[in-house]
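Everything on this sheet refers to the single structure shown next.
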Amino acid sequence: MRNRAWVEKGLVYLVLVAGGLFSLLPLIWLIRSSLMDMGQIFELPPIWIPDPFRFGNFSEALTILPFGRYFINTTVIVIFTMLGVLVTCSISAYSFARMSWRGRDLVFGLLLSSMMLPYAVTLIPTFIGWSKLGLTNSFIPLIAPAWFGGGAFNIFLLRQFYLSIPRDLDEAAYVDGASHWRIFISIIIPLTRPALVVVGLFTFLASWNDFLGPLVYLNSESKYTLALGLQQFKGMYAAEWHLMMAAATVVLAPAIVVFFIGQRYFIEGITLTGIKA
Amino acid sequence: MEPVSSLSVNRAKTKRSSYRNELLGILFALPAILGLLIFTLGPMIYSLYMSFTDYSGSNSPTFIGLDNYTRMFSGEDQYFYKSLGVTLYFVVLSVPTGIIYSFLLAILLNRNIKGKAIFRTVFYLPSIVPIIAISFIWLWLLNPDLGLANEMLRAIGLPGSQWIFGEKSVVPSLALMNLWTTGGTMIIFLAGLQDIPRSLYEAIEIDGGSKLHKLRNITIPMMTPTIFFNLIMGIINGFQVFSQAYVMTSGGPNNASLFYVFYLYREAFQFSRMGSASAIAWVLFIIIMLLTYMVFKTSKKWVYYEGDEAR
């Protein structure tokens, strides 16, 4: 009996470690390749620890294309997208959670069902709309939608958080003559700061990682984001794996840093996603 | 004292203030309402209209009835069935494997495990990697001549694969990549598992039931709503795969990874056939709705909802 328990425990760890290796090996392989020279990267059997560490790959990869420009472009898009989502999503979610008006549930229902709509359906008409306004090849089509409620998923998430705050708190304030705006700013927002962090982090990642949006809307190189720059890099240096891996690492790094800073919030946010199931 | 009139004054007041409140409520929700109109409903209607036209995006649309649709379904446009088949194949491969893999990891993590938080982080980590970086990493790993994957296979005496460069192996390779990024699903499962009341398991323990017994009779039935949710999301997302194929294979080799959305993208942004691309998009929408509906239909048979027995 005791033996069986040990075997079982061993098996559990074995599977977990195997899964962990599957998750980590590609990332380790990326980083080790980004720090090697062309000769070492191909050596057999594979070398895991670069010798010497070639940090020069990064500066080389970064100077081949104007990655500084791409970095600034991406950052501008990400910041204004996050701002838009946080401001308009929190206000809208407040209305859906705390205010009653005719048609509210209908609108909310439509919002929820719009989550099932493939982006492919709205992509083309939206693109044509922006091009009629002469705004393609600018950041506006990538940022503007964030300023209109910040997406159904985020509204849903924030509304869930707001609903978990006891109504007594704002009702007391309401009876004392506080306006909705006052309640929203001085009760709801401070109490749901973690929720805003969750939404902010998800938005950061989605915007930072976005590929299709920039691909469709941006066509002059000076407007490119990092993801597009990387794609272009691939076309030019497909065989220079060490440089490609260095460039990919640079794009990946900010996402990883943000993830580790906000890890706790990420887990909480995804957990909430599942609760609606 | 005139109670009646004072009451009616009060009523008028509440009426006015409730009217004001209604307006205020709509005002607060205005960003979302406008967003829904401008970025969802409006485009949907416009797209439906376009799907009945011949439209390059710059000329004025010519109404051609159902031509775009018949061109697809008649097989005149050979890529429609091709891309549909490729995408279905991907969904069939990637959705069940993703669910089983992340469910298994979640069950193991939910036990009394040392280093639980570390494992959880490690499993989730790949899901935050930008798709472009994911594509680069796997292009390199799966390189038939120089990649680590074939190197490892050869080390244990197995033949290598052409991976994404083989017509047969490209879709399974992309499904394998998809498996790498199922950390989010795993965390949703984990949260679901933690919500199962201990008392249910204790009841089986008293009866001397085995672990397998617990899994079959409690864990899996209690998790069916979460499995259901992940299944639906998996299907919806699986049908919309695009970037990997665009970056890694350009739909090749020989259109073996021409995913549906890639086909749509090509029609719209490379061939400037906005009308036809809109029809393609609507067919995708209908396919997804039908599949979701079918899963919903079957869900009554296998999804367990708490409180059902109370009825």
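Key figures for this structure:
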| item | result |
| --- | --- |
| Exclusive hit being under 28 Å from B:Val241 (Cβ atoms) and out of contact with any strand residue (DSSP E or B) (no Cβ under 8 Å at 6 or more places or on another chain), set A:Leu111, A:Leu86 | A:Leu111 |
| Residues satisfying the stated conditions in the range B:266-289, i.e. under 18 Å from A:Phe211 (Cβ atoms), surrounded by fewer than 24 Cβ atoms within 10 Å (Cβ to Cβ) and either of a type outside the set (Lys, Arg) or facing another protein chain (nearest Cβ under 7 Å) (or both) | B:Phe269, B:Gln270 |
| Residue among A:Thr88, A:Thr81, A:Thr126 that alone is under 30 Å from B:Asn230 (Cβ atoms), away from chain B (no Cβ under 12 Å) and touching a residue at least 12 places away in the same chain (Cβ under 8 Å) | A:Thr81 |
| Considering residues of the range A:91-102 that are without any contact (Cβ under 8 Å) to a residue 40 or more places away in the chain and not small (Gly, Ala, Ser) only, the residue farthest from the other protein chains (Cβ to nearest Cβ) | A:Arg102 |
| 1 or more residues among the basic types (Lys, Arg) and over 27 Å from B:Leu179 (Cα atoms): qualifying helices (runs of 4 or more DSSP H) within the range A:1-80 | A:2-34 |
| Positions within the range B:232-254 being surrounded by fewer than 20 Cβ atoms within 10 Å (Cβ to Cβ) and more than 9 Å from the chain's Cα centre (by Cα), in sequence order | B:Ser250, B:Gly252, B:Pro253, B:Asn254 |
| One residue from A:Phe266, A:Phe211, A:Phe202 being touching a residue at least 12 places away in the same chain (Cβ under 8 Å) and more than 30 Å from B:Met223 (Cα to Cα) | A:Phe211 |
| Of residues in the range A:129-161 being assigned to a helix (DSSP H, G or I), of a type in the set (Phe, Trp, Tyr) and more than 8 Å from chain B (Cβ to nearest Cβ), the one surrounded by the most Cβ atoms within 10 Å (Cβ to Cβ) | A:Phe161 |
| Count of the range A:28-76 residues which are under 23 Å from the mean Cα position of the chain (by Cα), under 27 Å from B:Asp145 (Cβ atoms) and touching a residue at least 24 places away in the same chain (Cβ under 8 Å) | 2 |
| Selection within the range A:201-222 - surrounded by fewer than 18 Cβ atoms within 10 Å (Cβ to Cβ) and of a type outside the set (S, T, N, Q) | A:Glu221 |
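Rundown of residues vs (1) in contact (Cβ under 8 Å) with a residue 60 or more places away in the chain; (2) closer than 20 Å to A:Leu228 by Cα, yes/no style:
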| site | (1), (2) |
| --- | --- |
| B:Pro225 | yes, no |
| B:Phe229 | no, no |
| B:Ile236 | no, no |
| B:Gln240 | no, yes |
| B:Gln244 | yes, yes |
| B:Thr249 | yes, yes |
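No value in this document is a laboratory result; all are computed from the given coordinates. Computed from a prediction, not measured in an experiment: that's the story for all the values here. Counting neighbours? That spans all protein chains shown, and the Cβs are built from the backbone with ideal geometry, glycine included.
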